[in-house]
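Beneath this line is the structure, given in structure tokens, with notes to follow.
The values are calculated or read from the model by the stated rules, or taken from the named source; none is laboratory data. Since the model is a prediction, treat every value here as computed from it, not as a measurement. Neighbour counts are summed over all protein chains in view; Cβ atoms, including those assigned to glycine, are modelled from backbone coordinates with ideal geometry. Accessible surface areas use protein heavy atoms only, side chains included; no ligands, DNA or RNA. Shrake-Rupley method; radii C 1.70, N 1.55, O 1.52, S 1.80 Å.
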Amino acid sequence: MSATTLASLYPSHLATLQARAAEALARGGFDHLLVPSGNLHYQLFDDRDYPYAVNPQFKAWLPLTRAPGSWLVVTPGAKPKLLFLQPHDYWHVVPAAPGGHWVEHFDIVVIRTPEEATRHLPKDASRCAILGEPQGMTGDHLPNNPQAVLAYLEYHRTFKTPYEIAMMREASRIGVRAHRAAERAFRAGSSEFGIHLAYCQAAGQDANDLPYGNIVCLNEHAAVLHYTDRDRIPPTQARSFLIDAGASFGGYASDITRTYSAQADEFAALIEAVDAAQLKMCDAVRAGTDYRQLHLDAHLALAGILKDFGVITVSPEAAVQTGVSRAFFPHGIGHGIGLQVHDVAGFAESDHGGTIPKPDGHPYLRLTRVLEPGMVVTIEPGIYFIDMLLDEIKQKGLADAVDWARVDAFKPCGGIRIEDDVVCTEGVPLNLTREAFATA
């Protein structure tokens, strides 16, 4: 993504944020919006800090992800102000002076100590909506996180500006480049840990940069939805490979999952079937579609695949109705994504608050809203062979709904998940992940 493109899109993005901030402040009865970037957190009984994570409310405004102790000050009708902490320090690398396409849009004040920020913040803290966490902060300007302000900002943050889509497109490009490297490492016989290192090398990102911990699974480990142990030694026989890993760009995330078979076998055919179904689900990311219905439709589609491959003996409709499909697909079809991997306001009824409930029996769905243009969601159906959930089928008296010999045949491969990041538009959805794979 060229700097020129981002520079051309950023002013409109900033204007959108300023308009949202003005309305949010009016609803909460405040004059100023203050957003601390966040501070380093130290481990208990130690002098080591945890990896720094910037406040998402801060990086929504500007692509600064490593600026602890800084502040953003927004006052309607005035140019936004950045208080940038650049300490005198010879123990650590001092953050470089702000630069890039966005700096001309801010009044930037460099401070040398956290305490110095107080001189540049509005005097009356009671007139300020302060969004963040209080840990490591002192003084009068402590976060109050007013609900009316947060509800409005978070609800509208689900609608991405063209600038944000461009940032996410670049995060997808980086992630796909790393996915290609991970697949090559798998084909070459690497361990889970080795594949993980190949991914990080190709992305140019490590634990401090990646939007979430890489899920790298060989064989049965793919049946653990959030498997992160990463064996150091390759298995005697590598049968399957599932990788759920993303990348970051300017504070925005991609979230991508792919599954591979080591051989052109029946498990490979099952992957192809899930992939084909997933593409149809991605095409259903249309304005006016209830995301809950996408989830329920996914269960029916995946149950149809299980039936086609002889894993279940009942009809797809019966598998969904009795809950058998949930044993093979226990998580949600996806979630919102943007500044956070699991983006905010997934259940928000409106920008005043409220909650849209999840479908009965589907507690792990992370998004229940009706899709609108500008929303970006993941679509990640899966089929897994998880002993604990399969045992529950038997305990419920539904064992006859499953061909257990077919389960045993697939169980050594663990499971399948395919995940893309998809933009809801006024028309045909924009699949950022497939776009990146097509050009990688």
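If we keep just the residues of the stretch 88-116 that are within 23 Å of residue 5 (Cβ to Cβ) and modelled with pLDDT under 95, which is surrounded by the fewest Cβ atoms within 10 Å (Cβ to Cβ)?
99
Yes or no: the stretch 231-238 includes at least one residue that is within 15 Å of the chain's Cα centre (by Cα) and either more than 29 Å from residue 56 (Cα to Cα) or of a type in the set (D, E, K, R) (or both).
no
Which of the residues belonging to the stretch 410-440 are among the small types (Gly, Ala, Ser) and open to solvent by 60 Å² or more (accessible area, probe 1.4 Å)?
438, 440
Looking at residue 332 and the list (1) surrounded by 17 or more Cβ atoms within 10 Å (Cβ to Cβ); (2) farther than 30 Å from residue 206 by Cβ; (3) under 21 Å from the mean Cα position of the chain (by Cα); (4) free of Cβ contacts under 8 Å to residues at least 60 places away in the same chain, which single condition is not satisfied?
(2) is the only condition that residue 332 fails.
Quick one: what pairs do we get from the stretch 427-440, first residue in contact (Cβ under 8 Å) with a residue 24 or more places away in the chain and under 13 Å from residue 179 (Cα atoms), second part of a strand (DSSP E or B) and of a type in the set (Asp, Glu), C-beta under 7 Å, 6+ apart or different chains?
Note: pairs meeting the criteria are 433/420; 433/421; 434/420.
Identify all residues within the stretch 206-224 that are aliphatic (A, V, I, L, M), open to solvent by 50 Å² or more (accessible area, probe 1.4 Å) and either free of Cβ contacts under 8 Å to residues at least 24 places away in the same chain or more than 15 Å from residue 178 (Cβ to Cβ) (or both); write none if there are none.
Residue satisfying the conditions is 224 alone.
I'd like to check something: does the stretch 307-315 contain any residue that is of a type outside the set (Lys, Arg) and under 25 Å from residue 358 (Cα atoms)?
yes
Residues that are within 22 Å of residue 247 (Cβ to Cβ) and in contact with a Cys (Cβ under 8 Å, 6 or more places away or on another chain): which strands (runs of 3 or more DSSP E) entirely in the stretch 321-389 hold 3 or more of them?
376-379
Among what's in the stretch 225-267 and is out of contact with any strand residue (DSSP E or B) (no Cβ under 7 Å at 6 or more places or on another chain) and β-branched (Val, Ile, Thr), pick the residue that is most open to solvent (accessible area, probe 1.4 Å).
Ranking the qualifying residues of the stretch 225-267, first place goes to 236.
If we keep just the residues of the stretch 8-21 that are open to solvent by less than 40 Å² (accessible area, probe 1.4 Å) and not charged (D, E, K, R), which is nearest to residue 102 (Cα to Cα)?
Top of the filtered list is 10.
Might you let me know whether the stretch 291-298 holds any residue that is among the aromatic types (Phe, Trp, Tyr), more than 22 Å from residue 424 (Cα to Cα) and either touching a residue at least 40 places away in the same chain (Cβ under 8 Å) or assigned to a helix (DSSP H, G or I) (or both)?
No.
Residue 342 versus (1) closer than 20 Å to residue 225 by Cα; (2) open to solvent by 20 Å² or more (accessible area, probe 1.4 Å); (3) in contact (Cβ under 8 Å) with a residue 40 or more places away in the chain; (4) not hydroxyl-bearing (Ser, Thr, Tyr): which is the lone unmet condition?
Residue 342 satisfies every listed condition except (3).
Can you name the condition, by its number, that residue 202 falls short on among (1) more than 19 Å from the chain's Cα centre (by Cα); (2) within 30 Å of residue 10 (Cβ to Cβ); (3) touching a residue at least 60 places away in the same chain (Cβ under 8 Å)?
For residue 202, the failing item is (3).
Looking at the stretch 134-163 only, could you name the residues that are of a type in the set (Asp, Glu) and at pLDDT below 95?
Hit for the stretch 134-163 is 140, nothing else.
Taking the stretch 222-280 as the region of interest, how many residues are touching a Phe, Trp or Tyr at 6+ places or on another chain (Cβ under 9 Å), part of a helix (DSSP H, G or I) and within 30 Å of residue 338 (Cβ to Cβ)?
Number of matching residues: 3.
Output the residue which, of all residues in the stretch 33-63 that are free of Cβ contacts under 8 Å to residues at least 60 places away in the same chain and under 19 Å from the mean Cα position of the chain (by Cα), is farthest from residue 100 (Cα to Cα).
Only one residue tops the list, namely 53.
Give the residue that is most open to solvent (accessible area, probe 1.4 Å), with candidates limited to residues of the stretch 307-320 that are touching a residue at least 60 places away in the same chain (Cβ under 8 Å) and in a loop (DSSP other than H, G, I, E, B).
The extreme case among them is 313.
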